[in-house]
Structure formats: C-alpha cells, structure tokens
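Right, one structure below, let's go through it.
The values are calculated or read from the model by the stated rules, or taken from the named source; none is laboratory data. None of the values given here were measured: they were computed from a predicted structure. Here Cβ is always computed from backbone atoms with ideal geometry, including for glycine, and neighbour counts include all displayed protein chains.
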Amino acid sequence: MDSSIMPTYGRQDISFVKGEGSWLIDSKGNRYLDALSGIAVVILGHANQAVADAIKNQANQLIHTSNLYRIPNQEKLADQLQRISGMDNMFFGNSGAEANECAIKIARLFGNRKSIKNPLIVVADSSFHGRTLATLTATGSRKVHAGFEPLVDGFIRVPFNDLNAIQNIAENNKNVVSIFVEPIQGEGGIRIPDRNYLQGLRKICDDNEWLLMLDEIQTGNGRTGSFFCYQNYDVCPDVATLAKGLGNGLPIGVCLARGKASELMQPGNHGSTFGGNPLVCQVASTVLDQIHKLNLTKRAEEVGARMVKIFRGRLGDLNAVKEIRGMGLMIGIELNKPCPELVEIALGKGLLINVTAENVIRLLPPLTISDKEADNICEIVCELVESS
Ligand SMILES: *Cc1c(COP(=O)(O)O)cnc(C)c1O
C-alpha cells in the first residue's frame, strides 16, 4: 500500500475505475455488484445521469461564494428539507461528524442558556457518531476512543434500547440537557430498537425539558422506508442530522433543528467555509427530486423486505446465524462468530459487502437497485454464510 497515505484504514487491495448504477468496474474490467454503495452514500447508484448533469451545469455556472453572501441553491435545498422533515431551520456542513458537532453545540447552548454549568448529553453504548473529538467521545466504542484521551466532557452513557436506564438518569441527574442516539445503530451492527423506543425517548425529553437529537446520517435519505427513520415511528425530534446519501457522493452534512432548538444559534456561533456551497446544494436538491420522482423510500421498503424474506428463508435456521435484522435497505446478518474474512471472499465472487461490529454482515445497497440485482446479492451472501 502507498506509504504516503496515513494508514487510518485497513484497505482492500483493489480499486475501481468506473461505476454503472449498482455496479463497479475495476482496472482489469471485472464487474462487482455494490451492496455497500460507499457506506450508504451512493443512493442513486454510480454515474447517475441526473447527478452528473447537475454537477456539470452548476460547475459551469458557479461553484463557491462562501456563506458571507446569500446562496439561492442553499435556500432552495433548505426549503425542500424543511418540507420533508417538519423541522424549522438547518445548518450545512461537509460531513456527518460536522453535522453532529453542530447538534452537540446546540445542546451546549441550550444547557448554558438554562444556566446549567455542566450540561450533559445522554449517548448510547455501541453508537457511532464520527471521528472528531466531540463526536468520537459521543461514540460508544472503546476502540474509537483509545489513544485520544483526554476525551471531551459532558457525555453520559447508557445501554442502547434501554428506556429505564435513561429514566433513572432523569430522576437522579439535574445536569442532563439532551439525548443523542441513532434510530437504528449502523456501525454498531444494524441494531433496531424496540418499536416504542423513540416514542419513549420523546416522552422522557418532554417530561424533563431535554432536547431529543437523532443521528440520521446512515438511516436518513429514504433508506429505511421513510425519508427519516423517525417518521416510521411517528416521532419528531428537536434536532436531526443527515449526511452520507444526501449528495450521492458529494460531501454534505446537515443539522436540522425545530422549535426552541432552532432559536439558539446566532451570528458568530458556528460556521463553515465550504458548507452549503452552490454546487453541493444543487446536487443534493437533485438527489431529493430523484428520491421523490422515483418513489425511492417506498422502493427501499419493498426491496429490503424482499431481501430479508429471502435471508430468513434460507439462513434463518442455520447454527452459524444468530439474527437477521433489517429495515428498508439497511440489513444486517449477525453470525455467531467474527467474520471479517467474508469481505474478501465476497469480493472474489464479485460482490461488495461490509462486516461491522466484528460479526455482522452489513448490506446498504443503492436505493435504485433492481429486484434482479437484489436477488443476486442474496444468492451470493447466502452462499457465503452457508459455507462459513
Ligand atoms: C457515517 C456516520 C457518521 C460520520 O459521518 P462522517 O461523514 O464520516 O463524518 C456519524 N454518524 C453515523 C450514524 C454514521 O453512520
């Protein structure tokens, strides 16, 4: 591997030179079915024509002006997201971690305005929120923390999907100002909480005047059958973050806020040089238009259900399989033992998958995937698991 690149990733020794919808092509001309889409990013598939046209047309017109001026494309995207989300306003950055930093800063402002000296944010075990210092602290993984101490103050950790643990904190700790969780834990292994979890969190937040903040960076953009996963549970948070699929590969992160949470940021409190520039906003608007036009949230729900049914039918009774979980096109197959080797074996069979939390095969295909491609993914994954 190239020693001029910091070795922060354990990379596969393969590179791709071209994409076509759900397919990637390597330098030797081999074709691979992409069941990962660049970690839930390329939701419209590779080399999408509408996205390519949006990039080309906008780049020929104007790429960047800075947030010192009004940006009509940013205002248009904000209007679209406001209508979809039910939130009041939003801040544009360039990544998921940045969107979450904004959420954490909103919670701090909220606490400090209430004159709480040490405002605390409740976060969950096995969560993932990013790699900046505050977001890695919020992340519930020892591996992500290790070596970066001192961590950031102001977080308190509970088990995921445990309302009692949070209720207990509410009764004993007057410094809490917010709960910050993923509606479904992605990196943590596609962990789907109980049906009443988000509503339970909403109630605890209302009873205690805390902000409910949801990290929808992986679950958002239509992947779970609604544009935001919280919409599957009929709950509205005070703060939500989006990134990954919103730009179909162009870097964008958004922190959306509602009600009192939307009134805290003032000029000078936060910023970004690149965030929300004319190019990336035009592309994200195009992505939203395509999701709407092609009814991709519904499509994600249908194809996801089809895949989970196939997996349960063929793998459900195997000793090697602990659990098969999915909501829309966010699917996890938990095995009884660590299985990192499956990534390379799948590559040899022409399929890109990911293994997360050591023993969970994670599938995050493009939302535009066809039934035939979905069946193809299922066939190869079933073969992998059956022979593991
Ligand atoms: C990927 C991810 C992040 C971090 O996003 P980056 O763009 O890599 O900073 C944060 N939260 C969740 C749930 C994610 O899946």
Select from region 166-175 the residues that are within 15 Å of Lys203 (Cβ to Cβ) and either in contact (Cβ under 8 Å) with a residue 24 or more places away in the chain or surrounded by 13 or more Cβ atoms within 10 Å (Cβ to Cβ) (or both) and list them in ascending order. Ile166, Gln167, Ile169, Ala170
Could you say whether any residue in region 236-248 is acidic (Asp, Glu) and either within 16 Å of the ligand (Cβ to nearest atom) or at positive phi (or both)? no
Please list, ordered by first then second residue, the pairs with beta carbon atoms under 9 Å, 6 or more apart or interchain, first in region 119-137 and in contact (Cβ under 8 Å) with a residue 12 or more places away in the chain, second near the ligand (Cβ under 8 Å from one of its atoms) and aromatic (Phe, Trp, Tyr). Thr135/Phe128
Please name all residue pairs, on different chains or six or more residues apart, with Cβ atoms under 6 Å, provided the first residue is in region 283-306 and is over 15 Å from Asn232 (Cβ atoms) and in a helix (DSSP H, G or I) and the second residue is at pLDDT below 95 and not β-branched (Val, Ile, Thr). none
Among residues of region 37-55, those that are crowded, with 22+ Cβ neighbours inside 10 Å and within 13 Å of the ligand (Cβ to nearest atom), counted: 2
Would you confirm whether any residue within region 260-277 is of a type in the set (Ser, Thr, Tyr), part of a loop (DSSP other than H, G, I, E, B) and touching a residue at least 24 places away in the same chain (Cβ under 8 Å)? yes
One residue is enough: does region 348-364 have a residue meeting the conditions touching a Leu at 6+ places or on another chain (Cβ under 8 Å), small (Gly, Ala, Ser) and not in a strand (DSSP E or B)? yes
Residue check, Tyr69 against (1) within 28 Å of Ala300 (Cβ to Cβ); (2) free of Cβ contacts under 8 Å to residues at least 40 places away in the same chain, all met but one. Which one? (1)
Among Arg11, Arg108, Arg113, the single one that is closer than 30 Å to Ile361 by Cβ, among the basic types (Lys, Arg) and surrounded by fewer than 20 Cβ atoms within 10 Å (Cβ to Cβ) is Arg11
When region 10-27 is checked residue by residue, the ones that are modelled with pLDDT of 95 or more and either farther than 28 Å from Leu329 by Cβ or not aliphatic (A, V, I, L, M) (or both) are Ser15, Phe16, Lys18, Gly19, Glu20, Gly21, Ser22, Trp23, Asp26
Step by step: first the residues of region 112-133, then only those that are small (Gly, Ala, Ser) and under 27 Å from Gly186 (Cβ atoms), then the one that is nearest to the ligand (Cβ to nearest atom). Which residue is that? Gly130
Among the strands (runs of 3 or more DSSP E) confined wholly to region 59-171, which include 1 or more residues that are farther than 18 Å from Asp238 by Cβ and touching a strand residue (DSSP E or B) at 6+ places or on another chain (Cβ under 8 Å)? 89-93, 155-158
From (1) over 17 Å from Asn269 (Cβ atoms); (2) within 16 Å of the ligand (Cβ to nearest atom), pick out the condition that doesn't hold for Lys105. (1)
Candidates Thr286, Thr224, Thr219 - the one that is more than 15 Å from the chain's Cα centre (by Cα), surrounded by 18 or more Cβ atoms within 10 Å (Cβ to Cβ) and hydroxyl-bearing (Ser, Thr, Tyr): Thr286
Return the residues of region 212-235 that are more than 12 Å from the ligand (Cβ to nearest atom), among the β-branched types (Val, Ile, Thr) and either in contact (Cβ under 8 Å) with a residue 60 or more places away in the chain or under 18 Å from Val41 (Cβ atoms) (or both); say none if nothing qualifies. Thr224
Only one of Tyr9, Tyr32 is outside any loop (DSSP other than H, G, I, E, B) and among the hydroxyl-bearing types (Ser, Thr, Tyr), namely Tyr32
